[in-house]
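Worksheet: the structure to be examined is printed underneath.
The values are calculated or read from the model by the stated rules, or taken from the named source; none is laboratory data. Being a predicted model, the structure only gives us computed values, none of them experimental. Cβ placement follows ideal geometry from the backbone for every residue including glycine, while neighbour counts extend to all protein chains displayed.
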Amino acid sequence: MSKTISGFSKLSKSKKIDWIVETYFSHSKDAERVLKQYWNTDEKLQQLHDEFIENTISNYYLPLGVAPNFQINGKLYTIPMAIEESSVVAAASKAAKFWLDRGGFKATVLSTTKIGQVHFLYDGAPENLKHFFKTVKPKLISASSHITKNMESRGGGVIDIELRDKTNSLKNYYQLHVSFETLDAMGANFINSCLEQFAKTFKEEALVFDGFFKKEKNIQIVMSILSNYVPDCLVRAEVSCKVADLAEGNSISGEAFANKFLQAIAIAEVEPHRAVTHNKGIMNGVDAVVLATGNDFRAIEAGVHAYASKNGSYSSLSHAKVENDIFTFWMEIPLALGTVGGLTGLHPLVKLALELLHKPSAKELMQIVAVAGLAQNFAAIRSLITTGIQQGHMKMHLLNILNQFEANEAEKAILTEHFKTQTVSYSAVSDALANLRVKIDD
Ligand code: MEV
C-alpha cells in the first residue's frame with residue numbers, strides 16, 4: 001500500500017531502502033537484494049553516483065557498447081553508445097562499415113549559437129520600452145561581467161541581447177532574447193546565470209528609469225531560462241556514393257535500392273506518423289552517443305523534434321537525392337552539446353567515452369553524434385526496404401528471449417547456431433528450447 005512520507009530526503013540511504021521495501025514490497029528481502037546488487041563495491045565510486053541526484057537508492061545500468069569503423073571527415077572513430085535496444089549498436093556498426101568502403105561520412109558544423117530568454121510582462125507604451133532597452137543594454141552586459149569574464153577570455157560569451165515584442169501572442173508579453181556562444185560547454189548553467197543577472201538588472205534599472213510613466217516602471221519578470229530549441233546550433237552529416245555502389249550486400253540493384261530509399265524518405269517527409277518513427281530511428285543513434293558522453297539527451301530530444309516541425313508540420317530530419325548518378329543522403333540537426341563541465345569530468349565512463357573519441361571539442365562531438373544518427377537512419381531504411389526490420393531485429397533480440405527462458409550457455413550456443421537459418425520469434429525460440437531440453441533429458 002502506498003503512503004506519504006515527509007523528510008524522506010533526509011533519511012540515510014539504507015533507511016530510504018527500508019521504507020521502500022516495507023511500503024511497497026511487504027518487507028521482502030528480495031527487493032532489497034536487487035537494489036543492493038547494483039551498488040558498486042568501490043565506495044568512493046558509489047558515493048559519486050549517489051551524489052549525482054537526490055534520493056539515490058541504487059544504480060540503473062544500461063549497456064555501453066561501441067561501434068567501430070566510423071570514418072568522419074577522413075578520421076576514424078570507434079563510437080561509444082549507451083543504449084538498451086538490442087539491434088542499435090549492430091546496425092550502427094554495419095552502416096559504418098558500409099560507408100567506410102564508400103569514402104566515409106562528411107560532417108560540418110554550420111553554427112553554434114545558443115539561446116536564452118528573459119520572459120517578462122510590461123504594461124505601457126512599446127516605444128518607451130524600446131527606449132529603455134537601448135539605454136539599459138550596455139548595463140546588462142557590464143553587470144554580468146563577473147559571470148561572463150572567463151567565457152569571454154576563451155572566446156565565447158554573450159553575442160547579443162534583443163528586445164522582442166510578443167504582445168500579438170500574449171497580452172503585455174515581451175522577451176529579452178539572448179544569443180550565446182558557449183564553446184565546449186553545453187552552457188546551461190552559464191546561460192541561466194547570465195539570464196538571471198540580466199533580469200535583475202533590467203528590473204532594477206526600470207524602477208529608476210526617467211523615461212517611464214509610473215506604471216511602466218513595474219516590469220514583471222516571469223522567468224529566465226535557456227531554450228532547448230537551438231536551430232542555430234546546427235550540424236550537417238552526409239554520405240554519398242555512386243548509385244551502382246549501393247547494390248553491394250543487397251538483393252536488389254543499386255538503382256532499385258536508391259529509388260526505394262528515396263521513396264522511403266519522401267514518405268517520411270510528408271507523413272508525420274512515419275516521420276516520427278523515422279526520426280526515432282535517428283535518435284536511436286543520437287541519444288546513445290549523447291548519453292555515453294554525459295550530455296543531456298532530454299534537451300537534445302526536445303530540440304531535435306521541435307526542429308523537425310520547423311516548417312509547421314512534423315517531417316523527416318533526413319533527406320536523400322540522386323543527381324548525376326550520385327546518391328546523397330544527409331541531415332541537419334540542432335545539437336547543443338558539451339565536452340567540458342557537467343558530467344563530462346565526473347563520471348568515469350563518460351571520461352572514458354570522451355577519451356575513446358580522442359577528447360573531442362563540442363563541435364567535433366556534434367559531428368560524431370549527427371553521424372551516428374545518420375548511420376542509424378541509413379541502417380533502418382536499408383533493412384526496411386530490403387529484408388524488413390524484423391529479421392535483424394529479432395536476431396539481435398534472440399539472446400534477450402533466451403535469457404528470459406533462463407537458457408544456459410550450452411543452450412544459447414546451440415540455439416544461436418540454429419537461428420542463423422531460422423526466423424526468430426518468441427514462440428519459435430520457446431519451442432526450440434523446449435525441444436532441445438527434451439532431447440537432452442532423453
Ligand atoms: C526502431 O527502434 C527504429 C525503427 O523503427 C526506425 C525506422 O522505422 O526508421 C527501425
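Residues satisfying the criterion are present in the range 251-264 (criterion: free of Cβ contacts under 8 Å to residues at least 60 places away in the same chain, on the phi < 0 side of the Ramachandran plot, more than 16 Å from the ligand (Cβ to nearest atom) and of a type in the set (Ser, Thr, Tyr)).
In this structure, does residue 190 turn out to be farther than 30 Å from residue 329 by Cβ and in contact with a Gly (Cβ under 8 Å, 6 or more places away or on another chain)? Spelling it out, it is not the case that residue 190 is farther than 30 Å from residue 329 by Cβ and in contact with a Gly (Cβ under 8 Å, 6 or more places away or on another chain). Filtered by the rule that a residue be under 23 Å from residue 328 (Cβ atoms) and either more than 10 Å from the ligand (Cβ to nearest atom) or polar (S, T, N, Q) (or both), the range 265-274 gives 265, 266, 267, 269, 270, 271.
Taking the criterion of being of a type in the set (S, T, N, Q) and farther than 30 Å from residue 268 by Cα, the residues of the range 316-360 that qualify are 339, 344.
If you scan the range 233-246, which residues turn out to be aliphatic (A, V, I, L, M) and crowded, with 16+ Cβ neighbours inside 10 Å? Within the range 233-246, 234, 235, 237, 239, 243, 246 meet the criteria. Residue 285 - would you say it is at pLDDT 95 or above, on the phi > 0 side of the Ramachandran plot and buried (at least 22 other Cβ atoms within 10 Å of the Cβ)? For residue 285, the condition - at pLDDT 95 or above, on the phi > 0 side of the Ramachandran plot and buried (at least 22 other Cβ atoms within 10 Å of the Cβ) - is not met.
In the range 261-268, is there at least one residue being crowded, with 21+ Cβ neighbours inside 10 Å and touching a Gly at 6+ places or on another chain (Cβ under 9 Å)? No.
Screening 409, 364 for residues that are under 30 Å from residue 269 (Cα atoms) and either away from the ligand (no atom under 16 Å from the Cβ) or assigned by TED's automatic domain parsing to the domain that holds residue 85 (or both) leaves exactly one candidate, 364. Quick check: anything in the range 323-335 touching a Pro at 6+ places or on another chain (Cβ under 6 Å), closer than 21 Å to residue 188 by Cβ and not basic (Lys, Arg)? Scanning the range 323-335 turns up at least one residue that is touching a Pro at 6+ places or on another chain (Cβ under 6 Å), closer than 21 Å to residue 188 by Cβ and not basic (Lys, Arg).
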